[in-house]
1. Filter the stretch 280-309 for residues that are under 16 Å from the mean Cα position of the chain (by Cα) and among the polar types (S, T, N, Q); which is farthest from residue 551 (Cα to Cα)?
2. From the list 73, 154, 48, exactly one residue is closer than 24 Å to residue 271 by Cβ and free of Cβ contacts under 8 Å to residues at least 24 places away in the same chain. Which is it?
3. What's the number of the only condition in (1) within 13 Å of the ligand (Cβ to nearest atom); (2) at pLDDT below 95 that residue 377 fails to meet?
4. Go through (1) aliphatic (A, V, I, L, M); (2) more than 16 Å from the ligand (Cβ to nearest atom); (3) buried (at least 21 other Cβ atoms within 10 Å of the Cβ) and name the single condition residue 595 misses.
5. Filter the stretch 622-640 down to the residues that are surrounded by fewer than 17 Cβ atoms within 10 Å (Cβ to Cβ) and not in a helix (DSSP H, G or I) and list them by number.
6. Would you mind listing the strands (runs of 3 or more DSSP E) fully within the stretch 191-303 where at least 3 residues are in contact with a helix residue (DSSP H, G or I) (Cβ under 7 Å, 6 or more places away or on another chain)?
7. Identify all residues within the stretch 320-347 that are within 16 Å of the ligand (Cβ to nearest atom) and buried (at least 24 other Cβ atoms within 10 Å of the Cβ); write none if there are none.
8. Using the structure shown, decide if residue 419 is surrounded by fewer than 17 Cβ atoms within 10 Å (Cβ to Cβ), in contact with a helix residue (DSSP H, G or I) (Cβ under 7 Å, 6 or more places away or on another chain) and in a loop (DSSP other than H, G, I, E, B).
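The values are calculated or read from the model by the stated rules, or taken from the named source; none is laboratory data. Because the structure is a prediction, the values reported are computed rather than measured. A quick note on method: Cβ atoms are made from the backbone with ideal geometry, for glycine too, and the neighbour counts reach across all protein chains shown.
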Amino acid sequence: MHEPSSNIQSVLQENRLFPPFANWCSTAAVPNHDAYEELCAEANRDYEGFWARLARENLDWYQPFTQTLDESEAPFYKWFADGKLNASYNCLDRHVKAGNGNKVAIRFESDAGVVTILTYNDLLRRVSKTANALKSLGMVKGDRAIIYMPMSIEGICMMQACARLGVIHSVVFGGFSSKALNDRIVDIGAKLVITADEQTRGGKNLPLKSTVDEALTMGGCEAVEHVLVNRRTGGYDKMQEGRDVWLEPLVEKQLAKCEPTWVEAEHPLFVLYTSGSTGSPKGVQHSTGGYLMWATQTMKWTFDLRPNDVFWCTADIGWITGHTYITYGPLSAGATQIVFEGIPTYPDSGRFWKMIDDHGCTIFHTAPTAIRSLIKASEMDDKVHPKNYNLSTLRILGSVGEPINPEAWMWYYKNVGGSRCPILDTFWQTETGGNMIAPMPAAIALTPGSCTLPLPGIQAAIVDEAGHDVENGQGGLLVIKRPWPSMIRTVWNNPERYKSGYFPEELGGKYYLAGDGAVRHVDTSYFQIMGRIDDVLNVSGHRLGTMEIESACVSHPLVAEAAVVGKPDSVTGEAICVFIVLKRETPVGEEAKQIANEIRDWVRKEVGPIARPKEIRFGDNLPKTRSGKIMRRLLRSLAKGEEITSDISTLENPGILEQLKQSL
Ligand code: 6R9
């Protein structure tokens, strides 16, 4: 197991507790600690009955389910399998039918600051028209569509339109390269690719359609029949005759009514690719029923959503947080939400605070990396400090994607929340579908830097490498001991990888292995996530496999060997550091700088801007064991600038350490 990225001592010594005190606690969905305990007890008494109750309460079923959990093909679990429903119906039609059609669903703010407001009626019309447009291109239940779009109303409508037809969507983050896009189009066997001409971020127009064009020339995309293009900037209009179709005119001529396609609860709602420790990104497959139930329930439990709340999650729809806490959870729960196209630092680093002020945001959910960069910005320029804005509407703050250090937590608590708002540090993963370990704001006292306790029904535990429980205060592997409804169903095209990666035999084959190290506080039993135990990096909350970056590096004509490790970074959490052996003599000085920049741009092009290495070091070789394994543990120490004091007796070439140390 790796040494955890955050310091275990600082966490175990963190004894501050912030008990719930807000005046709204007594009317919260889960109003106090006893209510939380009672829900946990209910799940323990009757596990299936508990989940069946939540599935009935949170969703409208077209055909009610009679079976709750089917474990006959474990670990390929099925939930609510004989029930039928439609996700888009649950997100839109049911609110309109309940008389809430005029409620605002989305307050969209563009990069340039233009606001568009859509009610549930409006959204239902647009999604229905969009679904009819997809139908006119021959899309039917079970077909796959790749969505490569900006943060936009069109992007959300597109996901919902796919769901309405039972079309399986796979959203690819707009910052990924043509190569990464091609990999995903091929693996999923997409029949349709949906994109925009360009995207706008921070006042700049960036390509999308031209990247799709490039991806489609790379081979393996024979199944793609059409490319549907949203006109966002007007900056790119090369269209391929017969293949490419403009979105707006096609949607415009459709009927505003579209009967939802009722699907089985286990019908895949979407596949989202994420980085694993080895090989190519894996397509995490989610179900319709179990996933949507938990997306909805956690809106009520974690975020204590009320009818008048204005919810804002700053994630991108290209990540799981954007799926669960923008496209599906808030809409299924009938919320009013803010959707933002741009970035937190444009036109200045007060943008988030200004938007909270302008829109009257009550629940604000963002990532530690954004908070840390805004702390830095407000230290450099007092004008963008949150104190300059009216943030009094806020009542709840959220954090997601990576560990939040206690200093950033305290700053967020005091300066953004005015010491009035609980901070919900929500731990979960692409694979878990929704929040797993997170405080319920009226029920759980908070400790800075801890995601506190599992939500009711989630059997989280920490075990050693043989699968035995460890005691509080002792580090180990985070596992979930029983299946839960919103869990990953399989890895698309690779069930074997699902089984061996998430349910390893060493742990008995029954526990879900999260891939994170964790420890529980001796007194409170609170969970502290210590970071990934596999070769996955977390850069600004984005998951990146070291393998992906390494293979991008070695595809550069000059590179013989590459090893990627993470290095602690005060803003991005972790930064990418690459050790490289060239096919020629090792460069020094200016030449080393120039080749390093060339390799950086190469990786950026191969994987995407988020994977651009921060640091590149050259050596004649890498530290290896006698059996030829790269000793990453040593590279991690070198990257951190630590003295190497650990055992290096298995190292074949100890001299190399000195060279790599000097190479900075
Ligand atoms: C939702 C999301 C998952 C990985 C996960 C862990 C890290 C997420 C965290 C956290 C500490 C938190 N992570 N939330 N670590 N505290 N509150 O981020 O999904 O992109 O799949 O990343 O992110 O390492 O394993 P995903």
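1. 298
2. Step by step, each of 73, 154, 48 is checked, and only 73 is closer than 24 Å to residue 271 by Cβ and free of Cβ contacts under 8 Å to residues at least 24 places away in the same chain.
3. (1)
4. It fails just one condition, (3).
5. Matches in the stretch 622-640: 625, 626, 627, 628, 629.
6. 192-196, 226-230, 268-274, 282-287
7. Result: 320, 321, 323, 324, 325, 326, 327, 328, 329, 330.
8. Answer is yes for this residue.
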